[in-house]
1. How many residues does the range 174-212 hold that are in contact with a strand residue (DSSP E or B) (Cβ under 8 Å, 6 or more places away or on another chain), within 16 Å of the ligand (Cβ to nearest atom) and assigned to a helix (DSSP H, G or I)?
2. With respect to residue 341, determine if the residue is among the β-branched types (Val, Ile, Thr), touching a residue at least 60 places away in the same chain (Cβ under 8 Å), over 25 Å from residue 230 (Cα atoms) and surrounded by 22 or more Cβ atoms within 10 Å (Cβ to Cβ).
3. Which one is nearest to the ligand (Cβ to nearest atom) among residues in the range 86-105 that are more than 22 Å from residue 180 (Cα to Cα) and among the hydroxyl-bearing types (Ser, Thr, Tyr)?
4. Which residue, of 113, 122, is within 16 Å of the ligand (Cβ to nearest atom), assigned to a loop (DSSP other than H, G, I, E, B), of a type in the set (A, V, I, L, M) and under 29 Å from residue 36 (Cα atoms)?
5. Need pairs with beta-carbon distance below 8 Å; first residue touching a residue at least 12 places away in the same chain (Cβ under 8 Å) and of a type in the set (S, T, N, Q) and within the range 73-91, second within 13 Å of the ligand (Cβ to nearest atom) and not in a strand (DSSP E or B); sequence gap 6+ or separate chains.
6. Confirm whether residue 215 is among the polar types (S, T, N, Q), more than 9 Å from the ligand (Cβ to nearest atom), touching a Leu at 6+ places or on another chain (Cβ under 9 Å) and more than 20 Å from residue 188 (Cβ to Cβ).
7. From the list 347, 299, which residue is in a helix (DSSP H, G or I), among the acidic types (Asp, Glu) and at pLDDT 95 or above?
8. Could you check the range 248-285 and list, in sequence order, the residues that are over 28 Å from residue 346 (Cβ atoms), outside any helix (DSSP H, G or I) and over 20 Å from the mean Cα position of the chain (by Cα)?
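The values are calculated or read from the model by the stated rules, or taken from the named source; none is laboratory data. Predicted model, so just to flag it, every value in this text is computed and none were measured. When we count neighbours, we look across all protein chains shown, and the Cβ atoms used for this are built from the backbone with ideal geometry, even at glycine.
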Amino acid sequence: MPLVPPYIESLRPYEPGRSSEDVRRAYGLTRVSKLASNENPIGPSPRAIEAMERCMSQLQLYPNSGLDLRRVLAEKYETKIENVIAGSGSEGIMSNIIRTFLGDEDEVLTTEAAFIGFQVLAKSRGVAYRTVPYRDWHYDLPALAAAINEHTKIVYLANPNNPTGTIFSKHEFDEFYRHVPERVLIILDEAYFEYAKDTPRYPDSMHYRYDNVITLRTFSKIYGLAGVRIGYGFAHERLISNLLKVKLPFEPSTLAQAAGIGALADKEFLHKSLEMNARGLKFLTDGLRAIGLNVVPSEANFVMVVLPDAAHATRLTTDLLTQGIIIRPLASFGLPNCVRISTGTDEDNRRCVEAIQKLQSSLA
Ligand SMILES: Cc1ncc(COP(=O)(O)O)c(C=O)c1O
């Protein structure tokens, strides 16, 4: 056996989007719009910042493993603290799920081109990773149900989905769930929950009380706290108690926990962020379609654009970079002919559509 297992050696490291500073320096620009990582363009929740400031003088103490945040979430969602977990971003919890539930012979099942963070985590465990194709850029839930075999242990579903921005309905999920054996764990990744929750057909998975479903949510998106690393999850207490055995003892950090509690109370910020996103989503969708681009309808804080081929996607991404607009190419997800554009401020969105308009001739 080599020092590094082959399934690790063959992994490609997670490639985060380029930073604004990096692009500013590389192209000698004064203004850069980062529309690549589905971050909140307004900044962090002010109440989260205040909450972090208040605990600064206590940082010599070890954190309490997210207990305070779990208590607040249990109260807010009318559940028991035993049903709630907090971690270093929802990816931190995902990593713990993989370590807790997967054995060597188990398989993971999801859609093609699933959220890259999940792909990397699942593949790093060295188990079989199987996918089914999208149907019209949506999860093909009937095909996923049919693909479950005796080795399937985890089915990963993101709703809304990254990178397509599409959702599945409660009816579709209920139908899917009827075909899933109890020994299969369903991860319902709701990183973009807040953006979709008012869409009538969107299922709020907090209403599910299934023993084999874990819901994951995050403060990284609507609350603007991606840099702090704080996420949470809900599940049956048996699942949570086992995850708590496996997670790093002091995760999440004191600052992260405080930020989460502060953010949950920041109704004004939530409202403002939702409004700006709704405006941005409409502006980007309408504006890019008017240019003749194929934009997938989104319920999140980004849109996916389907281009004729990989060369078009690469050219669009690099041409926009030189103009100080960072978007996300999706080759690493497995969609080389697609790009993803996050909603920005009104000014960012306008700059982006105008820049693409100028490039229109090279896209034709
Ligand atoms: C579907 C999905 N899940 C999880 C995450 C990561 O969230 P966190 O920052 O909480 O780890 C992202 C971030 O892009 C995402 O798109």
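1. 2
2. When the stated conditions are applied, residue 341 does not pass them.
3. 90
4. 113
5. 88/229; 88/230; 88/251; 88/252; 88/256; 90/191; 90/220
6. In short, no.
7. Exactly one residue qualifies, and that residue is 347.
8. 248, 249, 250, 253
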